[in-house]
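Everything below concerns the one structure shown next.
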Amino acid sequence: MEKSLMTDTQLVVSSSWLLQNLHNIDVVIVDCRFSLADPQLGKQQYQTSHIEGAYYLDLNLDLSSPVGEHGGRHPLPNPDELAQKLASMGIEFQKTLVVAYDDSRFAFASRLWWLLRYLGHEQVAVLNGGFSQWEQAGYPITDVIPQLKTANFVPQIQTQLLVDIEDVKNRKDLPTVVLVDSRESDRYRGEREPIDKIAGHIAGAVNYPWMEVTDSSGYSIPLTKHQQRWQNLATAEEILVYCGSGVTACVNLLSLEVAGIHTGKLYAGSWSDWISY
C-alpha cells in the first residue's frame, strides 16, 4: 500500500499514477539507479530489468562531469551535453513530464530532478518508492532498451539555484542565510568519514540528514512532515544546501520544494570541494 501520495504537488508521483501514464507521449521515464560502491551496478541493473519504456542516465557519466582538483567528487555536467542526451530521449523542453526513479531513497533521482530545474525544465518528478516498490507491485518491467528519439531541448540555466565556494564563504554567516549539511549525523559531527580525506562540516552549518526525507521503504514522508521538518528555516532568505559531493543534497532540496519553500540553493561542490582548498 502506498503512503503519502503527493501527485498533486507534481514533485513526487506514485507508482499507480505512473502506471496509468506509462504510455502517455508527454511522459518520459528515466532510470537513475547507481551505486557509489560499484559504479557499474546501476547500468547493469537497468540492462537486466527496468520500468517499461525507461531510459538510463548514469550519475558519473551523464549527471556529472569529470573530477578535477576542485569542484568536488561529482561536478555538474556540461549543460549542453546533458541537454542533447535529454533531447535524444524525446524530452521536449518545458513540455515533457520527466519521471526519475532510483532504488536509493531518491538519492540519484533527485540529482536529475534538480539538474532539470537548473536547466530551466520544471516538468519533473521523482517516483515514490523507487524501482523496488514498482517491481513489488507487479507493474511492467522489461529488459528492452527504448529507441532514441528526437526532441528540442535548449536549456535556460537558472543560475540562482546554484552557489559556489565563494558564495558560501561570503553568505553562510549572514543572519538571513542558513547553511544545511545533508549528510548522516555522524559524518556531520566528524565521527565517521568513509569517503573524503577530512572529517567534519563547514562551520555554521546545521544538519538535516537526507535520509529523513523518506522511510526505509523509499517512500516520501507525508507532506505535513516535510513542512514540520523545515519550519524553523521557512523564513530564511537563502538556504544553501550541501552534502559530500552535491548529490544527496538534492534530496533535501526536493523536500524543501515539497514543503513549499523555494529558497533552497545547491552548493554543488559540497564538502569534497570545500576541503580541496
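One residue alone among Leu112, Leu59 is assigned to a loop (DSSP other than H, G, I, E, B) and not aromatic (Phe, Trp, Tyr), and that residue is Leu59. Identify the residue in segment 231-243 that is touching a Leu at 6+ places or on another chain (Cβ under 8 Å) and under 18 Å from Phe106 (Cα atoms) and, among all such residues, is surrounded by the most Cβ atoms within 10 Å (Cβ to Cβ). Among residues in segment 231-243 that are touching a Leu at 6+ places or on another chain (Cβ under 8 Å) and under 18 Å from Phe106 (Cα atoms), the one surrounded by the most Cβ atoms within 10 Å (Cβ to Cβ) is Tyr242.
Which of (1) under 13 Å from Trp271 (Cα atoms); (2) out of contact with any Cys (no Cβ under 6 Å at 6 or more places or on another chain); (3) small (Gly, Ala, Ser) is the odd one out, the single condition Ala249 does not satisfy? Going through the list (1) under 13 Å from Trp271 (Cα atoms); (2) out of contact with any Cys (no Cβ under 6 Å at 6 or more places or on another chain); (3) small (Gly, Ala, Ser), Ala249 breaks only (2). Number of residues in segment 194-211 that are at pLDDT 95 or above and surrounded by 12 or more Cβ atoms within 10 Å (Cβ to Cβ) equals 12. The residue that is nearest to Ser104 (Cα to Cα), among those in segment 48-57 that are within 17 Å of the chain's Cα centre (by Cα) and open to solvent by 10 Å² or more (accessible area, probe 1.4 Å), is Tyr56.
Quick check on segment 27-42: of everything there that is loosely packed, with under 15 Cβ neighbours inside 10 Å and at pLDDT 95 or above, which residue is farthest from Val124 (Cα to Cα)? That would be Asp38.
From Ala83, Ala87, grab the single residue that is surrounded by fewer than 24 Cβ atoms within 10 Å (Cβ to Cβ) and under 19 Å from the mean Cα position of the chain (by Cα).
Numbers: Ala87 fails: under 19 Å from the mean Cα position of the chain (by Cα).
The unique qualifying residue is Ala83.
Comparison of Asp103, Asp143 shows that the only residue that is open to solvent by 50 Å² or more (accessible area, probe 1.4 Å), closer than 17 Å to Tyr56 by Cα and within 16 Å of the chain's Cα centre (by Cα) is Asp103.
Being under 29 Å from Gln94 (Cα atoms), in contact (Cβ under 8 Å) with a residue 60 or more places away in the chain and not in a helix (DSSP H, G or I) is true of Ile157. Of everything in segment 68-91 that is out of contact with any helix residue (DSSP H, G or I) (no Cβ under 9 Å at 6 or more places or on another chain) and part of a loop (DSSP other than H, G, I, E, B), the residue that is nearest to Ile25 (Cα to Cα) is Gly90. Flag not set for Ser216, criterion: closer than 26 Å to Gly269 by Cα, free of Cβ contacts under 8 Å to residues at least 60 places away in the same chain and of a type in the set (S, T, N, Q). The set of residues in segment 244-277 being open to solvent by less than 10 Å² (accessible area, probe 1.4 Å) and without any contact (Cβ under 8 Å) to a residue 40 or more places away in the chain consists of Leu256 alone.
Every listed requirement among (1) of a type outside the set (Asp, Glu); (2) open to solvent by 40 Å² or more (accessible area, probe 1.4 Å); (3) part of a loop (DSSP other than H, G, I, E, B) is met by Gln45 save one, (3).
The values are calculated or read from the model by the stated rules, or taken from the named source; none is laboratory data. These numbers were taken from a predicted model, which means no experiment stands behind them. Because the Cβ atoms are built from the backbone with ideal geometry, glycine has one as well, and the counts that use them run over all protein chains shown. Keep in mind that these areas ignore ligands, DNA and RNA; they rest on the heavy atoms of the full protein, side chains included. Shrake-Rupley method; radii C 1.70, N 1.55, O 1.52, S 1.80 Å.
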